[in-house]
Structures are given as structure tokens and as C-alpha cells.
Amino acid sequence: MKQGVLGTNVIAQVALIVRDIEKTSRKMADIFGVEKPQWFWTDPPEKAQTRYRGESSPARAKLAFFDMGSLQLELIEPDEHPSTWREFLDTHGEGVHHIAFVVKGMQDKIQALEKRGMPLVQTGEYTGGRYAYIDAVNDLKVMLELLENDNE
């Protein structure tokens, strides 16, 4: 089966931007019949090295993850600093922000997507890897997140 530009066709995660991560995760846990995950802050700026639209940003967010079988559901509550998360919340309100794929060779994937008119919006580091958000909304109707883990 053809893998396409990303080298995979397996969606690892769907992420929602929310205003109140505690309230939303409590309601989701109740409806889905699962344990409510503890939320946590993304890494501090000196570790995350977040870049938003080409500029360094101290942006952070609260994150909570629900493991839903083969797919992970991520909740993101952004802080007030410039980020794709804050921009989405301010522009669209709460809702689906991105779908994520675990990739190898992230820089090559970013370049291939940019050549197709899908620009890089934000990058950052997390313990054990890095992420990149690609604006694919015009063509795919959703933002893409590329996740590259050090141990894979």
C-alpha cells in the first residue's frame, strides 16, 4: 500500500483546543467511560524551544491525553502567548485543531509539504522528540502535526 508524503497513513492522534481542560476532560471521561487523565504543562520555553511563524515564543499549553484504542485524543488548553493553539482558540473557538502522524525524517516531510503549498506554522521539542505543525487547512481542511520520536 502506498504510504504517501508522510511515509505513513496511520493517524496517531486527534487534538482538540479547549478553554477549560479540567472541565472538558471530566466530561469526556464520563461520556467515554474511561479514567480522567491528569493534565500537565508542556515543557518550559528553554526546553521546548517553541517557534511560531518563524519567531521564538514562550507559549505553553496544558495537555491531557485519552488513549482510545489505536487512536489518542489530545486536549490542549493554550496559555496567552502567541502559538497555533492560541490563534486557533481566538479565531475559531474550541474544536478540532489537528491530526497527528508519527514520522521519520521530519525535515524532509516538512519540505515536501511546503513544496505542496502547506507551510510550517510551529515547531517545538518535547521530552523524547519534536513536533511540527503544518497548515494543511486549504487542501486537507485540518492542520497536520508531525511527531518525530527519538526512540523510534
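Where only protein heavy atoms count, and the probe is 1.4 Å, what is the accessible area per residue for the chain in Å²?
In whole numbers, the chain has 56 Å² accessible per residue.
Out of these labelled values of percent of Cα pairs over 24 Å apart, [x] 25; [y] 35; [z] 31, which was calculated from the coordinates shown here?
Given [x] 25; [y] 35; [z] 31, the calculated one carries the label [z].
Alpha carbon centre of region 1-53 versus region 116-143: separation in Å?
So the two Cα centres are separated by 14 Å.
Nearest 5 percent is fine: what portion of the DSSP beta bridges confined to the chain is antiparallel?
Roughly 75 percent of the DSSP beta bridges within the chain come out antiparallel.
Which percent of the accessible heavy-atom area of the chain goes to carbon and sulfur, probe 1.4 angstrom?
The computed percentage sits at 51.
Using 23 Å as the Cα-Cα cut-off, could you pick out the over-long pairs in LYS47/LYS115; LYS47/LYS104; LYS27/LYS62; LYS27/LYS141; LYS36/LYS62?
Long pairs (Cα-Cα over 23 Å): LYS47/LYS115; LYS27/LYS141.
The values are calculated or read from the model by the stated rules, or taken from the named source; none is laboratory data. The shown structure was predicted, so the numbers you read here are calculated from the model rather than taken from an experiment. Protein only, heavy atoms only, side chains kept; ligands, DNA and RNA dropped before computing areas. Shrake-Rupley method; radii C 1.70, N 1.55, O 1.52, S 1.80 Å.
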